[in-house]
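Chemist: I'd like to ask some things about the structure below.
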Amino acid sequence: MELADSKIAIIGLGYVGLPLAVEFGKHYPTLGFDINETRLKELRSGVDHTLEVSKEELAESKNLSFSSELTELEQCNVYIVTVPTPINEHRQPDLRPLVGASETIGRALKQGDVVIYESTVYPGATEEDCVPVLEKVSGLKYNEDFYCGYSPERINPGDKEHRVTTILKVTSGSTPDIADFVDALYKSIITAGTHKASSIRVAEAAKVIENTQRDVNIGLINELALIFNKLGIDTEEVLKAAGTKWNFLPFRPGLVGGHCIGVDPYYLTHKAQAIGYHPEIILAGRKLNDQMAAYAAEQLVKAMLKKRIQVDGSRVLILGLAFKENCPDIRNTKVVDIITELEDYGVGVDVFDPWVSKDEVMHEYGFELASSPPRGNYDGIILAVPHKQFVEQGAESLRAYGKNICVFYDLKSVFPVAMTDMRL
């Protein structure tokens, strides 16, 4: 296939798919395909509730259209899959969205078409789990009638500096010619350039270790925070001192949520266990990071007791629910775990977050966000997510949500230690 003949379909229009569709739509006929009609209606009106793409950017993508119709999908010849790859309640990979997208593409697949996967998977998933679905549904033969590629997504939700076009892209293909085609396709929109991996499995492995490495490093810093707290040493002060060495890595303690860092390692450990290897360091980091929400709740309760605040029946305000600051993404947010832990202590919890959708919170987690929490009402305040609105308010203003005797817990160490009661 010639690059100029590409008619691209992006399957899945979330945080990853939409920015990609917008960029391709500036250069090629591009179809944004999604089964969520509400999402399609929103995008047709020029609105993106994820805040990744502006109305102006949508308008600039002149060749981009949106649909959920198979007949529209059949007009394309390059299919790029950007659906979620979550984990289930047993922390095992949930490939149902990926398999479902492959089944849909299989019904549209034609001779010479190329299917590129961007969703995070374990090494081998594209060819072991997705290709058989494509073959079965389409009746076509892999690497004879159709071809595949893998180019892992590197979207950082809420980051306006590192965008699709400015992040170097890893590419790969199922044959040397297809690898060249996939690389050239992305290179035509990625100003930061590309790195062509030697195989699909190498590209899959590269993606899954990017976030595993971060997870393990954060796990180490979280463990150090637990140790320093027991020693009565402020962790942030220690990290600032250690950070004066030129090669010290600037990780900080905290909750590890979101769709990537808290999920991707389980894809790698699943594959490792399937081939008979039990990964110890990766799972140890995961276990420790998953425990940090419970630890934060426990620390708050202890601080309240030291101030002789009755915990059972008390009220706590949590500022921020999104998994990271200045972003509306609530996927896999660990703030929810803090809420659960505090409620187990008999604490009433209000949550205030001006960035996130109240309807989405109710749908995903089943509780209602506070609209305007009253001042002077709370026994404890947790600054869980340092959105710019909270930081700009300042510590004294945030503390004013509390009663005369209360605990102000700065979970991300945003403010100087003297302005808070405790930091992680």
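Chemist: Need one number: the % of Cα-Cα pairs in segment 1-140 sitting beyond the 24 Å mark.
Modeler: Result: 30 percent of Cα pairs exceed 24 Å.
Chemist: For segment 276-299 and segment 119-196, what is the centre-to-centre distance using only Cα atoms, to the nearest Å?
Modeler: With segment 276-299 and segment 119-196 each reduced to a Cα centre, they are spaced 31 Å.
Chemist: Related question: If you take the Cα Rg of the chain and divide it by 2.2 N^0.38 Å, with N the number of residues, what do you get? Please report the intermediate quantities before stating the final value.
Modeler: Details: Rg = 23.4 Å, N = 424, 2.2 N^0.38 = 21.9 Å.
It is 1.07.
Chemist: So which aspartates and glutamates can LYS55 reach, going by Cα to Cα under 13 Å and dropping same-chain residues fewer than 8 places off?
Modeler: GLU42
Chemist: If you take the square roots of the eigenvalues of the alpha-carbon gyration tensor of segment 190-292 and sort them as a ≥ b ≥ c, do you get rounded (a/c under 1.5), prolate (a/b over b/c) or oblate?
Modeler: Because a/c hits 1.5 or more and a/b fails to exceed b/c, segment 190-292 counts as oblate.
Chemist: List the lysines whose Cα sits under 22 Å from the Cα of LYS207, skipping any in the same chain fewer than 8 residues away.
Modeler: LYS160, LYS169, LYS187, LYS196, LYS271, LYS287, LYS324
Chemist: In cubic angstrom, how much convex hull volume per residue do the alpha carbon atoms of segment 104-167 span?
Modeler: For segment 104-167, the hull spanned by Cα atoms encloses 105 Å³ per residue.
Chemist: Any idea what the relative contact order of segment 201-348 is, in percent, if you count C-alpha pairs under 8 Å spaced at least 6 apart?
Modeler: Reported as a whole number, the value is 27 percent.
Chemist: Output needed for segment 20-95: three equivalent-ellipsoid semi-axes, defined as square roots of 5 times the C-alpha gyration tensor eigenvalues, in descending order, whole Å. Don't skip to the answer; put the middle values down first.
Modeler: Details: eigenvalues 117, 54, 30 Å².
Three semi-axes, in Å: 24, 16, 12.
Chemist: Scan around ASP48 for amide H atoms under 5 Å from its own, H built in the peptide plane at 1.01 Å from N, and keep only partners 5 or more places away or cross-chain.
Modeler: The answer is none.
Chemist: While we're looking at this one, here's another question. Whole number please: convex hull volume per residue, Cα atoms of segment 233-280, in Å³.
Modeler: 119
Chemist: Excluding ligands and nucleic acids, what accessible area in Å² is computed for ARG154 using a 1.4 Å probe, to the nearest 10?
Modeler: 80
Chemist: First compute the accessible area of the chain with a 1.4 Å probe, then give the percent of it belonging to carbon and sulfur atoms.
Modeler: Answer for the chain is 53 percent, counting heavy atoms of protein chains only.
Chemist: Over the Cα atoms of segment 294-424, what Rg and Dmax result, in angstrom?
Modeler: 13.4, 39
Chemist: Over segment 326-424, with the other protein chains present, what is the accessible area per residue in square angstrom, probe 1.4 angstrom?
Modeler: Working: 4360 Å² over 99 residues.
Result: 44 Å² per residue.
Chemist: Which order do the peptides 261-271, 359-369 take when ranked by the mean count of other beta-carbon atoms within 10 Å per residue, highest first?
Modeler: So the order, starting with the most tightly packed, is 261-271, 359-369.
Chemist: Ignoring ligands, DNA and RNA, what accessible area per residue does segment 43-116 give at 1.4 Å, in Å²?
Modeler: On the way: 3580 Å² over 74 residues.
For segment 43-116, the per-residue accessible area is 48 Å².
The values are calculated or read from the model by the stated rules, or taken from the named source; none is laboratory data. Note that the structure is a prediction, hence the values are computed from the model and not measured. In this analysis, Cβ positions are derived from the backbone assuming ideal geometry, glycine residues included, and neighbour counts consider all displayed protein chains. For accessibility, only protein heavy atoms count, side chains too; no ligands or nucleic acids. Shrake-Rupley method; radii C 1.70, N 1.55, O 1.52, S 1.80 Å.
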